[in-house]
Every structure is written in C-alpha cells, then in structure tokens.
1. Identify, please: which residue in region 20-35 is without any contact (Cβ under 8 Å) to a residue 60 or more places away in the chain and of a type outside the set (Val, Ile, Thr) and is, among those, least open to solvent (accessible area, probe 1.4 Å)?
2. Mind checking whether some residue in region 62-77 is in contact (Cβ under 8 Å) with a residue 24 or more places away in the chain and open to solvent by 80 Å² or more (accessible area, probe 1.4 Å)?
3. If you scan region 43-61, which residues turn out to be within 20 Å of Asp121 (Cβ to Cβ) and open to solvent by 40 Å² or more (accessible area, probe 1.4 Å)?
4. Please determine, by comparing only the residues of region 77-136 that are among the hydroxyl-bearing types (Ser, Thr, Tyr) and within 15 Å of the chain's Cα centre (by Cα), which one is farthest from Glu6 (Cα to Cα).
Amino acid sequence: QLQLVESGGGLVQPGGSLNLSCGASGSGFTFELYTIGWFRQTPGKEREGVSCISNSVTSVSHTNYADSVKGRSTISRDNAKKTVYLQMNSVNSEDTAVYYCAAALASASDVLSGYFLLRPDVIKYWGKGTLVTVSS
C-alpha cells in the first residue's frame, strides 16, 4: 500500500515562493513506476491539477503544468528519497489552496496529453493535503 505525505505548506507572502514535498512510504510498491502529481483545491471548487511528473521507467522524465502555473513552477522527483517536489515562484492570492499529492500507474502520454491532471477521479493514491495561504 502506497502512502503519501505532503509537507511545506504554510503562509507565503505575495510574490514569494512555495516549496512543497511529497514523500512516499509503505510496502509492496516501486516508487519509480508511479506518475506523481500535485493538485489543489479551494472551498466550493473542484480539485485542480497543478503539475505532474512521469514515472522513471525510462531515463527521460516528462512533466506537465497547468496554464495557471506554467513558467513559474518546477516539479521534480528524487527516487532515492521517494520524494517529489513542487516549487512555485511569484505566488499570488489565487495560489491559496490545499495542495494534494497523488500517485498512479500512468503512462508518459497520460502526462504529456494532460490527461493525468484532468482526471483526478481516476487516481488511486492521495495524500491528506497541506494548506498554502498566500497573504501579506
């Protein structure tokens, strides 16, 4: 069973940066086989895909980003530490949300096509989320 735990949330000043981590643990899974994504949600809104990174079956990592964060965000993974990171710069109030980490066995095409970010309903493993508040 794969368990995910997010960390790094808190209060961030407008124009600043946020750095989130997602650590995986459990037994019976191979972290490198999983596509990992970040999603966020605010009250009354649907969960929104933010960014995702493909599995490490090949030496090439594919990433994708929501238009709202593209150009100011970077997702990366450290398979030795079983951790995925999300860095986001130039944050604003619209980035305030609970950020969730999610994992699934997905293909590179699922990442590149945007399918992974558009279909949170089919993703099996989720963390409990970490709150990010952008405010001065």
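1. Checked region 20-35; the qualifying residue least open to solvent (accessible area, probe 1.4 Å) is Phe31.
2. The answer is no, given that none of the residues of region 62-77 is in contact (Cβ under 8 Å) with a residue 24 or more places away in the chain and open to solvent by 80 Å² or more (accessible area, probe 1.4 Å).
3. Of everything in region 43-61, those that are within 20 Å of Asp121 (Cβ to Cβ) and open to solvent by 40 Å² or more (accessible area, probe 1.4 Å) turn out to be Pro43, Gly44, Lys45, Glu46, Arg47, Glu48.
4. Going through the qualifying residues, I end up with Tyr115.
The values are calculated or read from the model by the stated rules, or taken from the named source; none is laboratory data. All values reported here derive from a predicted model rather than from experimental measurement. So basically every Cβ, Gly included, is an ideal-geometry build from the backbone, and we count neighbours across all protein chains shown. Keep in mind that these areas ignore ligands, DNA and RNA; they rest on the heavy atoms of the full protein, side chains included. Shrake-Rupley method; radii C 1.70, N 1.55, O 1.52, S 1.80 Å.
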